[in-house]
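Presented below is the structure to which this report refers.
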């Protein structure tokens, strides 16, 4: 399966991440007024405002960061290797040589299934990179990649 | 199916006691506070455990496989086909030799724990096992059958005897064994353990101090002046250091006496030990990485330690007999000839080290200086709290002295670091005080990553990391830092191209061997 290089993740993946992050923060934020009401001596009004302001900052930072990470993420399959590029501040480009792939897994959580997303896990014989993850791609893409990697991985040499 | 040799419970007892040494020490330290029952309970458990293991372990040497049935509550039945056994390693200490037995450890191609450990069996069984494994891997030596060395390694004839045909690659004289002891400082580990152990019970420190005071040698420790405390501390440290050297040398002699490395078809065979003779095999096809280490003591002595990482085989001492040395200590000039003997196809003579950009020294210097100031600050604060430090000027000196020392170190580091890439091998060297060279054959390269921290990006640099199989996560991988980005990408693409080219040759070889 030849691909034009540097494909990105699906937009639904970004949306899903933001929603999950937002939900977690939302739950935590809704607990704060309750704490204020139940423990007024430990939790004065000033603290409530400080915590809510902090949470707002975290939400904004998270929103920006997930967007930046989404834009930076890319993968590319050519005839020598599968390359994955990721990271906003600390950037990393992983190259998995095609003949070093042991086997692959396709993992889908319930939310991912709903959006048609999947994660491709590539197993290699390495130590620190025994597992290489490719997140936020469609299930069709994952299946096609698995096919392409299996075709070339007749050695998986160690 | 039969049981192990009747004297096995004794050896199993020793092994179990060794495995329980940390819980036992813990119980011993605590037993001063709590009752003694915990300690006695643990001690009593050991012989019962040994007997249990002996009674519920059965094995059988069948024609095609080794059968093992262990345990009563948690039964484990294993069938190990002889063809899957890569190595047979044996240990014989004086007790083994006296009783005519040996501990056998079978290693398979997958890593981690050994496939099976027979503790202990008589020598006739060991020999029979060797014959069966050899028969399963094909009759005769590789040379007689005209197989290539790769195929011989895969078949792995395991006639592992010191005296069987093999080219001697390395014999360590006693002086080198002692040098290894000096360079490795294994005593430090024991010292750390003992300190940890004694620190569990601070009463012992006080008792020691009171005992000294009662002797009348020194006034009671609360009356000491600061200078006396420092002097006492230094004196004790020196004494401990001398003791450690003696202990380390003794350990080195016991472990490595008459270390011999033999090159047999497709594998390396090593034997070592004074009282306890161990034999270990390293299949050459499974060697992933060569590492040459020189700490400051090595550099002073003019030698190095050469180790290998292999895929498969046991990973640490807890799991079984481990040998990762190609040469525990060898003179620096002999390193390349040794590597050439062991791995001829890897262009050792054309190691043209390329340097890193010199401007990297400033980055390294700034990082180290920050770490130095933070540690010195912390140390100064603690010493001040413990009232061992009167004024601020020693701390100021510590802060200032870091600047020229670390600057020199950073410049030397960048000057001496380098990388070398050829069609068959990729190498990296780094370090000033703790020098290290890592060599990886091209066909052992797994995943490659290029990392860029924000600081890297500002300077247009990146670091390249190469992952290999079976490596020790605690030791550094093959890594080249502070490379110009274009160069990192160029090296990576070059290696990928080499790997691509290898696929076609590997395919042809694989097809040919299937027809044999």
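Taken together, the values in this text are just the output of simple stated rules run on the coordinates, not laboratory data. Everything numeric here is computed off the predicted structure, so don't read it as measured data. As a convention, Cβ positions derive from the backbone with ideal geometry for all residues, glycine included, and neighbour counts pool all protein chains shown.
Brief remarks follow.
- Equivalent ellipsoid, the stretch B:350-467 (semi-axes from 5 times Cα gyration tensor eigenvalues, Å): 37, 14, 14
- Distance between modelled label sites at residue A:65 and residue B:231, nm, 7 Å Cα→Cβ extension: 5.6 nm
- Förster-model FRET efficiency, 51 Å R0, residue B:73 and residue A:78, C-beta, rounded to 0.05: 0.40
- Over all pairs of different C-alpha atoms, the stretch B:41-141 has a mean inverse distance whose reciprocal, the Kirkwood radius, equals 14.8 Å.
- On the beta carbon distance between residue B:63 and residue A:11, with R0 = 41 Å, the FRET formula returns roughly 0.10.
- Descending semi-axes in Å of the stretch B:254-296, equivalent ellipsoid built from Cα gyration tensor: 20, 18, 7
- What the pair-distance distribution of the stretch B:230-384 shows, using all Cα-Cα distances binned every 5 Å from zero, is 2, 7, 10, 14, 15, 13, 11, 11, 10, 6, 2, 0, 0 percent.
- Separation of the residue A:56 and residue B:366 label points, Cα + 7 Å toward Cβ, nm: 3.5 nm
- Inter-chain shielding of A:87-93 (mean C-beta neighbours from other protein chains, 10 Å cut-off): 6
- Sorted peptide list for A:28-41, A:103-116, criterion being average Cβ within 10 angstrom, highest first: A:103-116, A:28-41
- Distance in nm between pseudo-label sites at residue B:45 and residue B:122 (7 Å out along the Cβ direction from Cα): 3.5 nm
- Average beta-carbon neighbours from other chains, 10 Å sphere, peptide B:459-468: 3
- Sequence ranges B:478-490, B:15-27, B:451-463, ranked by mean other-Cβ count within 10 angstrom, highest first: B:478-490, B:451-463, B:15-27
- The smallest convex shape that holds all Cα atoms of the stretch A:1-56, its convex hull, gives 90 Å³ per residue.
- Per residue of peptide B:449-457, the mean number of Cβ atoms on other chains within 10 Å of the residue Cβ is 5.
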